[in-house]
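The structure under discussion appears below in the form of structure tokens.
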Amino acid sequence: MKEQNHLFLDVLNGKKVDRPPVWMMRQAGRYLPEYMELRRKYDFFTRVETPELAAEITIQPIDIIKPDAAILFSDILVIPKAMGMDVQLVDKVGPFFPKTIENKQDVDNLNTDEAPERLQHVYDAIKITQEKLDGRVPLIGFAGAPWTVFCYMIEGKGSKNFAKAKTFCYQHPELAESVLDKVTDVTISYLKNKVAAGAQAIQIFDSWASLLNQKDYAKYSQKYIDRITEAISPLAPVIIYLRGNPFAYANYKDSSCSAIGVDWGISPTIAKQLVGDKKVIQGNFDPIKLLMPIDELKKETISMLDEFGTQKYVANLGHGILPNIPVDHAKAFVDTVKSYSYK
Ligand code: 1CP
């Protein structure tokens with residue numbers, strides 16, 4: 001494979017670079033007219049489970065927006081689906097599980113042995129994507145943090161506070177840990193297979209880290225992320241994205257992860273203090289600021305880059321891009337980072 005742009009991997013591997021690399025969380029998706037065309041033709045899990053379609057959607061932002069890394073189009077909920085749960089994507093509602101985990105029988109029914117091989121479509125999508133990318137940019141693979149995946153498995157759908165999922169932890173802690181253990185085991189095999197298929201970095205999305213206090217975060221989330229990171233970081237650099245939980249950045253100082261993804265709520269200066277100087281920081285432009293007039297969003301982007309400073313930094317949004325972002329605004333963000341120089 002001819003490697004043309006390895007800026008993103010260079011930063012994760014601690015090399016010195018002339019400018020920060022840039023990509024956008026959720027860059028493969030709903031703000032692109034080319035995606036919406038496929039969305040009209042095929043339902044969500046058909047798009048995810050057909051390797052050629054997943055590869056095509058992954059490449060769309062690379063052709064249109066030209067960031068420095070691709071992220072494979074898939075979803076964090078492929079894991080509970082492969083473990084035997086029925087997962088649907090309902091229009092205007094989001095993910096929906098007709099039957100959630102409620103008792104020991106449900107936990108025992110979760111399949112761990114065959115789940116990783118049921119995700120062969122993901123590994124195939126990675127292979128096709130790599131052929132199509134032909135070294136243009138590196139490819140990121142991802143999984144949800146077990147805690148974040150657990151939230152959906154118990155709650156059955158998106159929620160503001162996931163009270164049902166938290167109640168399950170506090171009323172049935174052993175069962176909760178058993179679910180988290182199973183999700184962790186499957187996630188580790190899944191990510192190993194993803195790297196073997198050609199994913200060159202792995203991001204773990206802990207989008208619901210915000211729901212737990214410091215002690216519970218260690219017990220219900222970090223413990224499992226640490227297990228995944230230890231297993232995967234010898235194979236590929238690992239980025240841990242946490243949303244709404246900045247106190248936890250410092251907990252990863254001795255982790256073997258390469259980078260911490262920070263959300264938009266924290267200033268770059270404070271994020272740097274909390275993450276420390278051993279890890280790369282990724283983030284954290286407020287995705288809603290992409291709706292600013294282009295001149296303003298360019299100024300805001302440069303101000304963020306100046307504040308993060310040089311090296312050990314990957315420019316990104318602080319959460320996923322939203323469906324109502326105009327394509328030229330997304331492109332203006334990426335182009336502004338690409339024309340920035342550390343010199
Ligand atoms: O076309 C559509 O409307 C489907 C919307 C959609 C898309 C484009 C869903 C359903 N998933 C995805 C793709 C997806 N999901 C990617 C693709 C790669 C990329 O471009 O980044 C990724 C990384 C995810 C990860 C994901 N799924 C997360 C973690 C990241 C985050 O945004 O916090 C979460 C929480 C999910 C669950 C999920 N799947 C889909 C939706 C709408 C949601 C969120 C539901 C909620 O709000 O609770």
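The values are calculated or read from the model by the stated rules, or taken from the named source; none is laboratory data. Just so you know, these numbers come straight off a predicted model, no measurement behind them. Cβ: placed from backbone, ideal geometry, glycine included. Neighbour counts: every protein chain shown. Heavy atoms of the whole protein, side chains included, go into the accessibility calculation; ligands, DNA and RNA do not. Shrake-Rupley method; radii C 1.70, N 1.55, O 1.52, S 1.80 Å.
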Q | Residue-normalised accessible area of the chain, given per residue in Å² at a 1.4 Å probe | A | 41 Å²
Q. Just Ala332, Ala201, Ala125 to compare: in a GNM of the chain, with alpha carbon springs under 10 Å, which one fluctuates most?
A. Ala332
Q | 3J(HN,Hα) from dihedral phi, segment 103-111, Karplus parametrisation 6.51/-1.76/1.60, rounded to Hz, x for glycine, proline | A | 8, 4, 4, 4, 5, 4, 6, 5, 8
Q) Each residue of segment 126-136 in turn: what ³J(HN,Hα) in whole Hz from Karplus with 6.51, -1.76, 1.60 and θ = phi - 60°, glycine and Pro shown as x? A) 5, 4, 5, 4, 4, 4, 6, 5, 6, x, 4
Q: Express the carbon and sulfur contribution to the solvent-accessible surface of segment 7-338 as a percent, rounded to the nearest whole number, probe 1.4 angstrom.
A: 51 percent
Q) So for segment 7-338: antiparallel DSSP bridges make up what percent, rounded to the nearest 5? A) 15 percent
(Q) Within 10 Å of each candidate Cβ there may be at most 11 other Cβ atoms; applying that plus a DSSP loop requirement, which trypsin sites (Lys or Arg not before Pro) in segment 59-162 survive? (A) Lys92, Lys99, Lys160
Q: Over segment 7-338, calculate the relative contact order: mean separation of alpha carbon pairs under 8 Å at least 6 apart, over the residue count, as a percent.
A: 21 percent
Q: Quickly work out the Lys331-to-Arg30 label distance, labels modelled 7 Å from Cα along the C-beta direction, and quote it in nm with one decimal.
A: 2.3 nm
(Q) Under the rule of at least 5 residues apart or a separate chain, name every residue whose amide H is placed under 5 Å from the amide H of Tyr313. (A) Ile281
Q | Euclidean distance of C-alpha centroids, segment 268-292 and segment 103-158, integer Å | A | 26 Å
Q.
Whole-Hz ³J(HN,Hα) for each residue in segment 170-181, computed from phi via Karplus 6.51 cos²θ - 1.76 cosθ + 1.60 with θ = phi - 60°, x for glycine and proline: what do you get?
A. 7, 8, 9, x, 5, 5, 4, 5, 5, 4, 4, 4
